[in-house]
């Protein structure tokens, strides 16, 4: 039981740190968009890639809603497997997005971080919600 009691706050803190970094990237996405464009880019290219980055960050925020909804409803709060997966994925995403933000990485990397670190825990969360609410299984 000690592992579960220490995993719940760690999971919450890593999700929160990931969320704060995504919101920070929303505010300062200009440099990351410019880093992925050629030196002589047009305004149309900039607008297109800025919209691309906004879509990626918006999808990430939507996945946060799913995961936090399952977490706060109690469906997966004490599930060790989901807690470990979510903690590892969001901690990795936090570190990767900090490098993305400070080193002004190309904006295409944001999609890889989204696919690996946000989609996977959200899909598992959806499966747990379906198991608990749809199949009436007891949450672990």
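Quick notes
- For segment 35-63, the tally of residues that are in contact (Cβ under 8 Å) with a residue 60 or more places away in the chain and buried (at least 16 other Cβ atoms within 10 Å of the Cβ) stands at 1.
- Residue satisfying all of: in segment 107-140; surrounded by fewer than 13 Cβ atoms within 10 Å (Cβ to Cβ) and either in contact with a strand residue (DSSP E or B) (Cβ under 9 Å, 6 or more places away or on another chain) or farther than 21 Å from residue 65 by Cα (or both); modelled with the lowest pLDDT among these: 138
- When segment 76-87 is filtered for residues that are modelled with pLDDT of 90 or more and surrounded by 15 or more Cβ atoms within 10 Å (Cβ to Cβ), the ones remaining, listed by number, are 82, 83, 85, 86, 87.
- Selection count, segment 91-106, where residues are within 12 Å of residue 22 (Cα to Cα) and at pLDDT below 90: 2
The values are calculated or read from the model by the stated rules, or taken from the named source; none is laboratory data. What you see is a predicted model; the values in this text were computed from it and never measured. Backbone-built Cβ (ideal geometry, glycine too); neighbour counts: all protein chains shown.
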